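This report concerns only the one structure given below.
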Amino acid sequence: MEAVPARARGYVACVALLALLCLLPLPTVRTPWWALGLLCALYAVCEHAVRRRFGGTFYPVLLAGAFLLPPPAAALVPLPAALLSPVERAGHRPAPLRRLWRAAQPALAVWGAARVHWALGGRDAVVASDFPYALLPAGAAVLAFCLILTVLDGGIRAVALGVPLRRAWRGLLSRSLAPVAVHGLAGLMTAVLWRSPYGPVAALLVLLPMCVSWWIFAQYHRERAAHQATIRALVQAVDIKDGYTRGHSERVGQASVMIARELGMDDDRVEVLRFAGILHDVGKLGVPTRLLRKDGPLTPEERRIIELHPEYGHEMVRGISFLGEARAAILHHHERLDGSGYPYGLVGSQIPECARIVAVADAFDAMTSTRSYRRARPVEAAVAELERCAGAQFDPRMVDAFRRALGRYGWHPTVTSEDTATPHESQGRSPVIGAPR
């Protein structure tokens, strides 16, 4: 328990106390105990299978309980699964505390959903299969369920992980609302069939396609995690080989995202631009280490070798399909609008849009990072230099979008302790270009 802050233990204790208070009216309400027992057992089985195979939580049974049972009884549905299932230790965090949290948090959320559902007449709508009216109280219950989970999750992030209050709840509701709404629809279908002449057996059939969809969703997240692992491995390899620019790739990815969002790109393209920024220098893995770390000036032949790194990078990621247009950005991020860039000397709109974005992000971070031969420039000076070179080296549209994004959000990059660059990076044709790296 010593590894868990006292405020976190107190927070979990308060949440557990609130959950117990929700159960106090249980003796005074009419509860279908056989239905409660069946839902508890079903949820325990589903939760065990889902956590072991896919991770996450299976909400349809919980929400079906909120639609079928009185609020105090509905709050009991998640308790057996949380209290009886094994809990893996995470670092020094004690299993009993995690078990208590996993019991109290969903109990409060289900209780709140059931209260909202019953207050809006949802029970009668479910019994009478009154559609589409039944969707209104069910939707309100799902929203209450998500809100309670969001409030509790944000609180535990703030007190246990030290996340600043202004960021503790950011994005939690928006990310959970759509998936939980799908679970809520399955829970409503389960509840309606449960109350129908066909009984609980027919209701359980609703969970079969839900389990299939959950498996597909889990596979998607596993694939996404594999993508992230691939990116991390490539970036770590570059950082190990060229420690002078450690952290540069992540910052270029961050700046590329800022430009893409300012241009109004959709989330999928923004993610691709993040990959492009992070991996733009992956071709340095094909450049001899002695050249990357050379202290003295580069010879023309050595410079030509380093200028091959965009092509090396493109070849390295050619077979990684999820990178999409990021591969073009890796190949062309050193092209210039006036045609004097490399590797192919493309002009103007011949340069892919993603490469024009990464070029601005790359140059900005190069100027605002401390190097072995000079101190970092202020953000304002770097932006002024980008604007001076707009039209010849950079796309003015990208420079303007980045300037607006900086004005709105500022620049708060991830800082690394080893953020320096090789001296020969200053040998370029302008203060912005630097070395062809």
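The values are calculated or read from the model by the stated rules, or taken from the named source; none is laboratory data. Model, not experiment: these values are computed from the prediction. Because the Cβ atoms are built from the backbone with ideal geometry, glycine has one as well, and the counts that use them run over all protein chains shown. Note: areas computed on protein heavy atoms with side chains; ligands, DNA, RNA excluded. Shrake-Rupley method; radii C 1.70, N 1.55, O 1.52, S 1.80 Å.
Just the residues that are over 14 Å from A363 (Cα atoms) and modelled with pLDDT of 90 or more, please, taken from region 239-263.
V257, M258, A260, R261, E262, L263
For region 83-90, indicate whether the set of residues that are modelled with pLDDT of 85 or more and open to solvent by 10 Å² or more (accessible area, probe 1.4 Å) is non-empty.
No, there is no match, as no residue in region 83-90 is modelled with pLDDT of 85 or more and open to solvent by 10 Å² or more (accessible area, probe 1.4 Å).
Which one of A229, A233 is open to solvent by less than 60 Å² (accessible area, probe 1.4 Å), over 26 Å from P179 (Cα atoms), assigned to a helix (DSSP H, G or I) and modelled with pLDDT of 80 or more?
A233
Tell me which residues, restricted to region 100-130, are open to solvent by 50 Å² or more (accessible area, probe 1.4 Å), in a loop (DSSP other than H, G, I, E, B) and without any contact (Cβ under 8 Å) to a residue 24 or more places away in the chain.
Scanning region 100-130 gives L120, A128, D130.
Return yes when I357 is farther than 22 Å from I240 by Cα, surrounded by 17 or more Cβ atoms within 10 Å (Cβ to Cβ), in contact with a helix residue (DSSP H, G or I) (Cβ under 7 Å, 6 or more places away or on another chain) and not acidic (D, E) and no when it is not.
Here the answer is yes, as I357 does meet what is asked.
Quick check on region 149-160. Is at least one of its residues at positive phi, small (G, A, S) and surrounded by fewer than 19 Cβ atoms within 10 Å (Cβ to Cβ)?
Within region 149-160 (the criterion being at positive phi, small (G, A, S) and surrounded by fewer than 19 Cβ atoms within 10 Å (Cβ to Cβ)), the answer is no, since none of the residues qualifies.
Hey, any hits in region 355-372 for a residue that's within 30 Å of R408 (Cβ to Cβ) and among the aromatic types (F, W, Y)?
yes
If I ask for residues that are basic (K, R) and within 21 Å of Y43 (Cβ to Cβ), which ones from region 150-199 would you list?
R195
Given the residues C14, C40, which is the only one that is under 30 Å from V163 (Cα atoms) and at pLDDT 90 or above?
None of the others qualify; the one that does is C14.
Output the number of the condition that D266 fails; it satisfies all remaining conditions of (1) crowded, with 18+ Cβ neighbours inside 10 Å; (2) closer than 19 Å to A355 by Cβ; (3) without any contact (Cβ under 8 Å) to a residue 60 or more places away in the chain; (4) among the charged types (D, E, K, R).
In the conditions (1) crowded, with 18+ Cβ neighbours inside 10 Å; (2) closer than 19 Å to A355 by Cβ; (3) without any contact (Cβ under 8 Å) to a residue 60 or more places away in the chain; (4) among the charged types (D, E, K, R), D266 misses (1) alone.
For region 180-201, indicate whether the set of residues that are open to solvent by 30 Å² or more (accessible area, probe 1.4 Å), part of a helix (DSSP H, G or I) and in contact with a Lys or Arg (Cβ under 9 Å, 6 or more places away or on another chain) is non-empty.
no
Run down G348, G339 and say which single residue is free of Cβ contacts under 8 Å to residues at least 60 places away in the same chain, within 28 Å of D266 (Cβ to Cβ), open to solvent by less than 60 Å² (accessible area, probe 1.4 Å) and not aliphatic (A, V, I, L, M).
G348
Which count do you get for residues in region 55-81 that are surrounded by fewer than 24 Cβ atoms within 10 Å (Cβ to Cβ) and part of a helix (DSSP H, G or I)?
4
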